[in-house]
Amino acid sequence: MIAHHVLFWLKADTTDEQKTAFRNSLQTLENIEVVKTFHLGIPAQIERAVVDTTYTFSLFLLFEDLAAHDVYQVHPLHKAFLDEFRVYFEKVVIYDAA
């Protein structure tokens, strides 16, 4: 099993309309056949010193194995998302765990 967790910090001047389009495009990634588990979220309202709530969106995916993860990386839906929306990223952090 491969867990793929992506945290997105969008640029400060990103409009609400652009954030909605960004979120809608992220949602399409759920349709990639190798994605076993899909979760798209925003920071939870949890006040603890060890919890980072500075990001804009969280994308959490589970894949059966590394081969499935690799299929996802080159999938047309993933590439389309990156091509259109990477200009909105201020920062992206990815955690992949086996």
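Since every read-out is calculated from the coordinates, none of them should be taken as a lab result. If you're wondering where the values come from, they're calculated on a predicted model, not measured in any experiment. Here Cβ is always computed from backbone atoms with ideal geometry, including for glycine, and neighbour counts include all displayed protein chains.
Assorted remarks:
- What the phi angles of the range 63-76 give under the Karplus curve with 6.51, -1.76 and 1.60, with θ = phi - 60°, is a coupling list of 10, 4, 7, 5, 4, 5, 4, 5, 4, 4, 4, 10, 5, x Hz, glycine and proline written as x.
- Per-residue ³J(HN,Hα) for the range 24-41, Karplus 6.51 cos²θ - 1.76 cosθ + 1.60, θ = phi - 60°, Hz, x for Gly and Pro: 4, 5, 4, 4, 5, 5, 4, 7, 6, 4, 7, 6, 7, 9, 10, 9, 10, x
- Cross-link reach list, lysines versus LYS19, counting only Cα pairs under 18 Å and skipping chain neighbours closer than eight places: LYS11, LYS91
- Only helices enter this figure: runs of n ≥ 4 DSSP H residues, each worth -39500 (n - 2.57), summed and divided by the residues of the chain, yield -10000 deg cm²/dmol at 222 nm to the nearest 500.
- For the range 41-77 versus the range 1-35, the inter-centroid distance based on Cα atoms is 9 Å.
- For MET1, net neighbour charge (Lys/Arg +1, Asp/Glu -1) across residues whose Cβ lies under 14 Å away: -2
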